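Peer 1: Attaching a single structure in structure tokens format; questions to follow.
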Amino acid sequence: MQITEFHNQGQLNRYAASLVAEQIRSKPDCVLGLATGSSPLGTYKELVSLYQHGNLDFSHVITFNLDEYCGINYDNEQSYHFYMKQNLFAKINISSENTHIPDASAPNLDAECLRYEQSIHNAGGIDFQLLGIGHDGHIGFNEPCDHFPIKTHCVDLAASTIHANARFFPSIDQVPTKALTMGIGTIMKARKILLIAFGIDKQEILQQALNGKVTPLVPTSVLQLHSNVTVLYGK
Ligand code: F6R
């Protein structure tokens, strides 16, 4: 693993964006795996700025998001469909048919998970996966459990995740309790992985994930078994 500490979040964001930009320049039709949440926001801002200054072209890029909540509409500001449109897709020259997010409103969620996994496969697999880490060590919404889920699946969110997400909703009762997420196997098949973790609150779980035992109780620890992972972190 290539692990770099940053003392400034702006520098971390610029460096993360430069790695994504390098991937796009070296393979303009690359497949990016994208995350939501607070961790990648600064990276998306930098990518938008590169595009606006004429330094990056997304016209052939294909994206697959990690996850989406069940039970909220996509015009709800907290849905990941809304987040991606607002923070990235509407601000760059990506074509909407090249962007993919699990459809958690599908009538048959198991069929949707299979369809999503197959679309990633049909696109040639993920070249570059961007990740954040949850306070409980989750990646995507793969919560701590007794095994590493392999494929895209429907998950019950952990109480700590529901609690952490409550800051974005009017009340904790409105926080979704289920989501569709790529599996650990889906993520591990990505050819390159970039994990971003900024903030004092993330440091303990990050250290466990990077230096502790590989265990599904700390899902991010599985990245120790991947051959091309970059971690950018800071307090
Ligand atoms: C979001 C996702 C999650 C977040 C994680 C960290 O698509 O898959 O794993 O990356 O919950 O969230 P933040 O960055 O908000 O601390």
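The values are calculated or read from the model by the stated rules, or taken from the named source; none is laboratory data. In this text, all values refer to a predicted model and were calculated from it rather than measured experimentally. Using ideal geometry, Cβ is built from the backbone for each residue, glycine included, and neighbour counts are taken over all protein chains shown. The protein model used for the area step is the full one, side chains on, heavy atoms only, and it has no ligands, DNA or RNA in it. Shrake-Rupley method; radii C 1.70, N 1.55, O 1.52, S 1.80 Å.
Peer 1: Which numbered condition in (1) away from the ligand (no atom under 16 Å from the Cβ); (2) of a type in the set (Ser, Thr, Tyr); (3) at pLDDT below 95 is the only one that Tyr74 fails?
Peer 2: Every listed condition holds for Tyr74 apart from (1).
Peer 1: Okay, moving on. Can you pull out the strands (runs of 3 or more DSSP E) entirely within the range 96-212 that have at least 3 residues that are touching a residue at least 60 places away in the same chain (Cβ under 8 Å) and not hydroxyl-bearing (Ser, Thr, Tyr)?
Peer 2: Ranges flagged: 128-131, 178-181, 192-198.
Peer 1: Something else: Hey, can you tell me all the residues within the range 129-151 that are at positive phi and either out of contact with any helix residue (DSSP H, G or I) (no Cβ under 7 Å at 6 or more places or on another chain) or within 6 Å of the ligand (Cβ to nearest atom) (or both)? It would help to see each step written out before you state the result.
Peer 2: Step one: of the range 129-151, the residues at positive phi are 137, 140.
Answer for the range 129-151, where residues must be at positive phi and either out of contact with any helix residue (DSSP H, G or I) (no Cβ under 7 Å at 6 or more places or on another chain) or within 6 Å of the ligand (Cβ to nearest atom) (or both): just Gly140.
One line per residue, one yes/no per condition, for (1) under 25 Å from Ile184 (Cα atoms); (2) without any contact (Cβ under 8 Å) to a residue 12 or more places away in the chain; (3) within 13 Å of the ligand (Cβ to nearest atom):
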site: Gln9; (1), (2), (3): no, no, yes
site: Lys27; (1), (2), (3): yes, no, no
site: Lys45; (1), (2), (3): no, no, no
site: Ser79; (1), (2), (3): yes, yes, yes
site: Gln86; (1), (2), (3): no, yes, no
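Peer 1: Out of the range 74-95, which residues are among the polar types (S, T, N, Q) and outside any helix (DSSP H, G or I)? Let's see the steps before the verdict.
Peer 2: Restricting attention to the range 74-95, the residues satisfying the condition of being among the polar types (S, T, N, Q) are 76, 78-79, 86-87, 93, 95.
Listed by number, the residues that qualify are Asn76, Gln78, Ser79, Asn93, Ser95.
Peer 1: Scan the range 145-163 residue by residue and report those that are over 20 Å from Leu109 (Cα atoms) and buried (at least 18 other Cβ atoms within 10 Å of the Cβ).
Peer 2: Taking the range 145-163 as the starting set, the residues that turn out to be over 20 Å from Leu109 (Cα atoms) are 145-147, 159-163.
Within the range 145-163, just Thr161 meets the criteria.
This table checks each residue for (1) under 24 Å from Ile184 (Cβ atoms); (2) surrounded by fewer than 18 Cβ atoms within 10 Å (Cβ to Cβ).
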| residue | (1), (2) |
| --- | --- |
| Leu56 | no, no |
| Tyr69 | yes, no |
| Asn73 | no, yes |
| Ile94 | no, no |
| Ala106 | yes, yes |
| Asp110 | yes, yes |
| Arg115 | yes, yes |
| Ala123 | yes, yes |
| Asp127 | yes, no |
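Peer 1: Looking at Ala17 and the list (1) open to solvent by less than 10 Å² (accessible area, probe 1.4 Å); (2) touching a residue at least 40 places away in the same chain (Cβ under 8 Å); (3) within 16 Å of the ligand (Cβ to nearest atom), which single condition is not satisfied?
Peer 2: Among (1) open to solvent by less than 10 Å² (accessible area, probe 1.4 Å); (2) touching a residue at least 40 places away in the same chain (Cβ under 8 Å); (3) within 16 Å of the ligand (Cβ to nearest atom), the lone unmet condition for Ala17 is (2).
Peer 1: Tally time: how many residues in the range 105-148 are of a type outside the set (Val, Ile, Thr) and under 16 Å from the mean Cα position of the chain (by Cα)?
Peer 2: Residues of the range 105-148 of a type outside the set (Val, Ile, Thr): 105-119, 121-125, 127-132, 134-138, 140-148.
Okay, now just the ones that are also under 16 Å from the mean Cα position of the chain (by Cα), so 116-117, 125, 127-132, 134-138, 140-143.
So the count comes out to 18.
Peer 1: In addition: May I ask you to list the residues in the range 211-234 that are within 17 Å of Leu131 (Cα to Cα) and open to solvent by 40 Å² or more (accessible area, probe 1.4 Å)?
Peer 2: Gln224, Leu225, Ser227, Asn228
Peer 1: Of all the residues that make up the range 153-201, how many are within 14 Å of the ligand (Cβ to nearest atom), charged (D, E, K, R) and at pLDDT below 95?
Peer 2: Qualifying residue count for the region: 1.
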